[in-house]
Amino acid sequence: MNLIVCKNYEEMSLTAAAQAADIVSAPGEHLISFPGGDTPLGMVREFSRLVNKGGGVAEGISRTRYVQLDEWVGLGAEDAGSCARFNQENLLNNLRHPFLGVHLIDGLAASLEAECGRLNAFIDRHGPLDLSVLGIGLNGHLGFNEEGVDFEKTAHIIPLSETTKKVMRKYFDRDRDLEYGITQGIRHIMAAKKVILIANGAHKAAILKRAFTGPVTNAVPASILQRHGNCTVIVDRDAAVEL
Ligand code: PGA
């Protein structure tokens, strides 16, 4: 694991965006995935800015496909707080140069099993991921791969952990009764050629320590990244104190 400690959130965001832009700029076609939420917001905005500046990244984006990491079951792209909406508002709608292809997850799909199948099919056809950018939950989740997740799974539906249900309140303007998530699996993440995990704030310090210095266990899903051959952890100083 490569560790990059940044002085603050902004530097973390710029560093991660620059690394993502480098991958997109490289020759050939690419498949990339970003998370949604507070942690990646700065990175996603900076990435959009780099694309819109033109040059190699803008050219590379036309050879790059984008796939969503996860979604709340019960929310669609129109719903505030959905990951699809986050992607549209902060990334897709802002790019002057479009991706070669985009796969968003529909948390309102009539058949969630078929929705997992669509996600798997997109990644099978265009993957493996060249870059998977991830956040880390307070329980160590990656996407919605919650505690106890089967590391062998691809896309699946999973009950949200109590920790996730508590944290999610900040993303919704009213109480939502969300019980499940749909997510890329750990198999997709571990098959990615490069993983970037971003985290900021003192509240993430303890879980980062468990994930990267403790045993590899599905009780802390992010600990599996210790076995990834090309994982860069980009954190601010507050999150890094126990690493
Ligand atoms: P956060 O979530 O950005 O709300 O801290 C991170 C995550 O759950 O991956």
Problem - Ratio Rg/Rh, restricted to the chain and using Cα atoms, in which Rh is the Kirkwood radius - result: 0.93
Completion exercise
CD proxy, 222 nm, the chain: helix-only mean residue ellipticity via -39,500 (n - 2.57) per DSSP H run with n ≥ 4, per residue, nearest 500, stands at -10000 deg cm²/dmol
Problem - Where labels lie 7 Å past Cα in the beta-carbon direction, separation of ALA18 and GLU179 in nm - result: 4.7
Practice task
Mind checking the full-extension length gain between ARG96 and ALA202? Use 0.36 nm per residue of separation minus the Cα-Cα distance, one decimal, nm.
Solution key: 34.6 nm
Exercise for the section: Name the lysines eligible as straight-distance cross-link partners of LYS204: C-alpha to C-alpha under 18 Å, and not fewer than 8 places from it in the same chain. Expected result: LYS7, LYS165, LYS166, LYS170
Exercise for the section: Using label points projected 7 Å from each Cα along Cα→Cβ, tell me how many nm separate GLU59 and ARG45, to one decimal. Expected result: 3.0
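Fully extended, how many nm does the chain gain between LYS7 and ASN218 (0.36 nm per residue separation, minus their Cα-Cα distance)?
Details: separation 211, 0.36 × 211 = 75.96 nm, distance 3.06 nm.
Extra length from LYS7 to ASN218 when fully extended: 72.9 nm.
Here, each number is a calculation from the coordinates, and none is a lab measurement. Because the structure is a prediction, the values reported are computed rather than measured. All Cβ positions, even for glycine, are placed from backbone atoms using ideal geometry, and neighbour counts span all protein chains on display.
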